[in-house]
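Before any comments, here is the structure.
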Amino acid sequence: MECIRPALKAGFFIRRTGMNLTIKKISLVAAFIALGVTLGYAFITIPNVEMVTATIFIAGYILGAKEGIIVGLLTEFIYSLFNPYGVAAPPLLAAQVLAMGFTGFLGGLYGNRGLQSSKKRYLLFGLAGLLSTLVFAILTTLSFISFTGLSIKKILASVIYGLGFYITHIISNTIIFIVVVPVLIQMLLKVLSISHPVESREPS
């Protein structure tokens, strides 16, 4: 429960910064952050299977790109900060946080297009999962290179060694985005009484 408190406090921080968000959106942002962190720890013992990326994407889809970025940045930062395996080195932490911020932004772009009713939505959601995970893998790999000081030969050997993990992560997230994400979005839109993400948003 200690890891959830910063997520709940994030809503108050957002409010104090003067960001143009309603109370409802601030509450939802805090809720998505708490959910993302909780699911991160729930799946932490399962290699290459996680729901953090999907949660952040859904937040962006429902709340908008700006809110999705906030959820992505804060979720990953809090999750990494309280990770039982230890806090990542600053360059790696920055890469992880930026990658999840991109995922939230991507969710906002998808929400703006109202793809939930598209006939190609499963393919498009799968593509989003693949792209989000690929960006995460690229950024974290580049950050690893920046602070390890390894030779090119050792870096290539490390990348090749981890290729199986990267591929498994990409495949699992692609499947989650195809099978789980559309269903969760539809359920949340009904629970929140939102008929369409674009129509429900207030003008900025």
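Here, each number is a calculation from the coordinates, and none is a lab measurement. Model, not experiment: these values are computed from the prediction. Every residue, glycine among them, receives a Cβ derived from its backbone with ideal geometry; neighbour counts consider all protein chains shown.
Between PHE43 and LEU142, the simple label model (points 7 Å from Cα in the Cβ direction) yields a spacing of 2.4 nm. Couplings for region 121-133, taken from phi via the Karplus curve 6.51 cos²θ - 1.76 cosθ + 1.60 with θ = phi - 60°, read 4, 5, 5, 5, 5, x, 4, 5, x, 4, 5, 4, 6 Hz in order; Gly and Pro are left as x. Site pair LYS190 and ALA89 shows an inter-label distance of 4.8 nm when each label is modelled 7 Å from Cα along Cα→Cβ. Along region 27-32 the Karplus relation, 6.51 cos²θ - 1.76 cosθ + 1.60 evaluated at θ = phi - 60°, assigns HN-Hα couplings of 5, 5, 4, 4, 5, 5 Hz to successive residues, with x for each Gly and Pro.
Among SER143, SER158, SER193, what is the fewest-to-most ranking by other Cβ atoms within 10 Å?
SER193, SER158, SER143
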